[in-house]
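Here the structure comes first, spelled out in structure tokens, and everything after it is commentary.
The values are calculated or read from the model by the stated rules, or taken from the named source; none is laboratory data. Since the structure is predicted, the reported quantities are computational estimates derived from the model, not experimental observations. Reconstructed Cβ throughout: ideal geometry from the backbone, glycine too, with neighbour counts over all protein chains shown. For the accessible areas, the whole protein counts, side chains as well, though only heavy atoms, and no ligand, DNA or RNA atoms are used. Shrake-Rupley method; radii C 1.70, N 1.55, O 1.52, S 1.80 Å.
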Amino acid sequence: MKKLICVAAAFAMVGGVATVASAEVDLSGSARARIRYNDSGIGDSVDKWDSRVRVKIHAKTEGGGYVKARVRFLDNTWGLGGDYTASAMGANNVWSDYAFVGFKVGKFDIAGGKMPASFSPWFLDDARTDRFRVLYKDSGLALAFTYDKKVYEYASTTRAVSYTTTASDGNLVDLVAQVAGDPWDGDKDVWGVTYRQKFNDSVKANARVVYVSDDTIDNDKSGWKGSANVAMSFAGNNIIVEQSFKAGETVSPTADDQYGGYAEWNATFGSITPVARIGYTMDGFTADETFGWLMFGGDVPTSQVQRVGRGGDTIFAGLSSKFQTTEALSFQGNLVFMDIDDNGTAVYGENPIEVSGQAKYQVGKGVALLARAGWLSSDSDVVDDAFSAYGQMEVTF
């Protein structure tokens, strides 16, 4: 992290007095370049290069105010052309995925803007939302009240209109045009409460409950969502248990309520860290993209099934083991089993299996090389087995 001391001076010509405000600005971030190969078992295999640079900005004032933002530079796949020009206005040239302002007073932290939204890798992780948040902290307790604006009633909308015109050769041609649509006829808001409690060094508990108020046109998707987890550590063992719920009304008026949960155990024995997970999803529940391994979930380029639970009611079991061979070099292997009650959308059938692994080498402080690969056995009659891999170099600062 590189720390800069920035002084912003504003001169008010009142009585000849100049007002000076100072702030402390921290910069951190990461950059990477990687090559990807993917054979999804459907169609031809593909290979791609991509790269990105991300810089986080955290400014703090002496009065307790702060600003947080992240700027992304050329976050894109190579060879697509226009986004790499100086005058490009595309979403992958220079842009920000969050920026918000806040202040701290006593035990309260009040903030608003485009903010990261995370609860757990299972329920919700690394999302972005337009949010106002009031956070209260006291010892091991953290209590947050949040308000998210998802849809503004008068947001611009479009609709497709079909029309017939005469071509240059005199023939009639049917075309479709996008024109201004109707207002949403109502807002979509999400109200939430997050509770986090550290009871001691061995036990922590977290809970998140939200109410979705959806009054947009042709929608009646208001309802409750929530998740709770407990993390425990004892005698070198670490256990996490989480259970989640989503009201069916938040999906459609006729959908069933959705449930999902999992349990994880891990422990370190010298240089080896085994991890075991078991869990389930039912009635349409899917885990966040972050949860998983390399072929199921995981939010990585090798992933073939982006969310655990997609495809139907699912029971899963996963075994992983990390081996730290030296201070700089580590390996990890994964073996994952899925039992899916196929609802017609399970691409790889009812009993796909993942075998995957990775190698990571820490070249130096803030510099790492990473290689990952995975194979997914298909239980489908129409989709072949999948294989995917990528290699990456990354710098963090």
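Here are some notes:
- Across the range 277-286, the number of residues qualifying as open to solvent by less than 30 Å² (accessible area, probe 1.4 Å) and within 21 Å of Met232 (Cβ to Cβ) comes to 1.
- Contacts under 7 angstrom Cβ, first residue in the range 158-177 being touching a residue at least 12 places away in the same chain (Cβ under 8 Å), partner aromatic (Phe, Trp, Tyr), 6 or more apart: Leu175/Tyr163; Ala177/Tyr163
- Inside the range 308-329, residues that are more than 19 Å from Thr290 (Cβ to Cβ), touching a Gly at 6+ places or on another chain (Cβ under 9 Å), of a type in the set (Ser, Thr, Tyr) and without any contact (Cβ under 8 Å) to a residue 40 or more places away in the chain make up a count of 0.
- The range 300-341: number of residues that are touching an Asp or Glu at 6+ places or on another chain (Cβ under 6 Å), at negative phi and open to solvent by less than 30 Å² (accessible area, probe 1.4 Å): 2
- Number of the condition not met by Arg52 [criteria: (1) surrounded by 15 or more Cβ atoms within 10 Å (Cβ to Cβ); (2) modelled with pLDDT under 95; (3) outside any strand (DSSP E or B)]: (3)
- Residue check, Gly41 part of a loop (DSSP other than H, G, I, E, B), open to solvent by less than 80 Å² (accessible area, probe 1.4 Å) and modelled with pLDDT of 95 or more: yes
- Checked against (1) at pLDDT 85 or above; (2) open to solvent by less than 40 Å² (accessible area, probe 1.4 Å); (3) in a strand (DSSP E or B); (4) out of contact with any Lys or Arg (no Cβ under 7 Å at 6 or more places or on another chain), Ala255 passes all but a single condition, namely (3).
- Matching option when the condition is in a strand (DSSP E or B), under 27 Å from Ile35 (Cα atoms) and not charged (D, E, K, R), among Ser303, Ser227, Ser320, Ser233: Ser320
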